[in-house]
Amino acid sequence: SGDNAVRAFFSGAEERVTSQEFKFLQATAIFGGVELDLTGARLAGDKATLEVTVFFGGLDIRVPPGWTVNLEVSPVAGEALLKRQQPAPGEATGVLTITGTLNFGGISVTG
């Protein structure tokens with residue numbers, strides 16, 4: 001199942017997740033940026049967790065249209081933005097919860 005983690009330290013990283021049983025991923029961006037594309041993934045059991053650590057960095061996350069996103073990150077001198085419409089109740093295919101820490105950086109969720 002691999003490492004279930006994507007990391008960028010003083011650099012940039014791009015990760016495309018295509019798992020059809022997606023449950024959990026750690027994303028770390030420290031003095032760097034991560035582009036995370038989840039549009040090809042499917043949730044295992046209708047929910048998954050993305051645990052993030054952003055410190056002087058950025059994290060851009062693309063999700064499929066049917067996913068409802070819960071942004072449960074507490075920013076310190078940073079911001080977490082949901083730049084997309086949540087799916088209508090009848091069109092929702094699952095829930096992605098984004099947790100973790102965000103210090104001096106940004107997270108944006110699109111899709």
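Probe of 1.4 angstrom, ligands and nucleic acids ignored: what's the accessible area per residue over the chain, in square angstrom? Please report the intermediate quantities before stating the final value.
Working: 5910 Å² over 111 residues.
Per residue, the chain has 53 Å² of solvent-accessible surface.
Please report, as a whole percent, how much of the solvent-accessible surface of the chain comes from carbon and sulfur atoms (probe radius 1.4 Å).
On the way: 2920 of 5910 Å².
Carbon with sulfur: 49 percent of the solvent-accessible area.
What is the chain's relative contact order, in percent, from Cα pairs under 8 angstrom and six or more apart in sequence?
For the chain, the relative contact order is 26 percent.
Using amide H atoms built 1.01 Å from N in the peptide plane, name the residues 5+ places from V34, or on other chains, whose amide H lies under 5 Å from its own.
A13, G58, L59, D60
Taking H as built 1.01 Å from N, whose amide H comes closer than 5 Å to the amide H of G94, not counting residues under 5 places away?
Here the answer is T68, since their amide H atoms fall under 5 Å of that of G94.
Once the Cα gyration tensor of segment 1-51 is diagonalised, what are the square roots of 5 times its eigenvalues, in whole Å and ordered largest first, as equivalent ellipsoid semi-axes?
Computed over segment 1-51, the values are 21, 10, 8 Å.
In the neighborhood of L43, defined by Cβ-to-Cβ distances under 11 Å, what is the net charge if each Lys or Arg adds +1 and each Asp or Glu adds -1?
Within the 11 Å Cβ shell, the charges total +1.
Could you tell me the ratio Rg/Rh of the chain? Both radii from Cα atoms, Rh via Kirkwood.
0.95
Calculate log10 I(q)/I(0) of segment 39-85 for q = 0.22, 0.25, 0.33 Å⁻¹, where I(q) comes from the Debye formula with a single equal point scatterer on each Cα and nothing for solvent.
-0.94, -1.15, -1.58
As an exercise, identify the chymotrypsin sites (Phe, Trp or Tyr not before Pro) in segment 21-111 lying in DSSP coil whose Cβ has no more than 16 other Cβ atoms within 10 Å.
F31, F56, F104
For segment 97-103, what does the Karplus curve 6.51 cos²θ - 1.76 cosθ + 1.60, with θ = phi - 60°, yield as ³J(HN,Hα) per residue in whole Hz, taken in order and with x for Gly and Pro?
9, 9, 10, x, 10, 9, 10
Quick one, can you get me the convex hull of the C-alpha atoms of segment 62-110 expressed as volume per residue in Å³?
In segment 62-110, the Cα convex hull volume per residue is 59 Å³.
Need the full-extension length gain, T110 to L81, defined as separation in residues times 0.36 nm minus the C-alpha distance. One decimal, nm.
9.6 nm
Whose amide H sits under 5 Å from the amide H of G100, counting only residues 5 or more places off or on another chain, with H placed in the peptide plane?
Amide H neighbours of G100: V52, S74.
The values are calculated or read from the model by the stated rules, or taken from the named source; none is laboratory data. Please read all numbers here as calculations on a predicted model, not as lab measurements. Methodologically, a virtual Cβ is constructed for each residue, glycine included, from the backbone with ideal geometry; neighbour enumeration extends over all protein chains shown. Accessible surface areas use protein heavy atoms only, side chains included; no ligands, DNA or RNA. Shrake-Rupley method; radii C 1.70, N 1.55, O 1.52, S 1.80 Å.
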